[in-house]
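FYI, it's all coordinate maths here, none of it is from the lab. Keep in mind the model is a prediction, meaning the values are calculated, not measured. All Cβ positions, glycine included, derive from the backbone under ideal geometry; neighbour counts span all protein chains shown.
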Amino acid sequence: MTWAATTLKCITKGLHLLRITYISEESKPFSISALLELLQQCHINNPRLGLTGLLIYGNGTFLQSIEGEDEAVKSIVDKISQDQRHRGFKILRKELATERFYTDWSMRFERLTEESLRKVPGLREFAIKKFNRDYLDTHVEIADLLIDSHRPAAQNPALDKEVREKQIVELRHALDACQQRQQMAALLIESVMETGKHSRLDNTQLRLCNSMLNSMRKSTKGRVRPT
Ligand SMILES: Cc1cc2nc3c(=O)[nH]c(=O)nc-3n(C[C@H](O)[C@H](O)[C@H](O)COP(=O)(O)O)c2cc1C
């Protein structure tokens, strides 16, 4: 079901959207290819399920927020919780919502580093080592800050009223999209370098290269756009 169809169903049935935020840690270190494979899975499945969200990864830790129709969110979260690639799955927030935070993203991805943390207001002094399951479990406000700081800038509906401000919103969308592609491209380059050590590209990497090229050529690929 498309995003628009899901929303329409929510409105006509008077259903609320559900947003779930959880933390977990990788079972064993994720290679760059494994990370890309995971993101591919999100970008293929989520639009079909009417799901949008944010996945933050760093220091071997995942912080993910998923939103969509109640049943779809519960079902994917159940699946994710049983995924052997991570452990210590713990739900931090489960909230009903009337609108999406991540309208444009089937799964917005952010790789957290010391450097990227320096840009987060309120977390400039936060050490990446503290971005771990146990710390976040007892400091949910830090998880909230991180989630909020990675919400797309253009979420304020009031901005749409003025043409000039609408243009700013569109520019922010375009910038967000560029930053996302840049992140994915950087991951892919690292992945190719990883394989370079063994001199040949394997089939998974060739497939990922192909799909990344297509995604970069069609700039809207992987995004869920309301119609
Ligand atoms: C940290 C983490 C986040 C995940 N997020 C998603 C997601 O947003 N959407 C999704 O379809 N699968 C996600 N998965 C993968 C699911 O656990 C599961 O493997 C996948 O949905 C199965 O897809 P398939 O039925 O197409 O094989 C995630 C897995 C991990 C470890």
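The table below gives the values:
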| item | result |
| --- | --- |
| Residues of type aspartates and glutamates that residue 79 reaches as a straight line, Cα spacing below 17 Å, ignoring anything fewer than 8 places off in the same chain | 25, 26, 37, 67, 69, 70, 71 |
| Under 17 Å from the Cα of residue 119 - aspartates and glutamates, other chains or at least 8 residues apart | 110, 144, 148, 176 |
| C-alpha center-to-center spacing [the stretch 168-182, the stretch 67-93] in angstrom | 28 Å |
| FRET efficiency, residue 149 to residue 210 (Cβ-Cβ, R0 35 Å, nearest 0.05) | 0.60 |
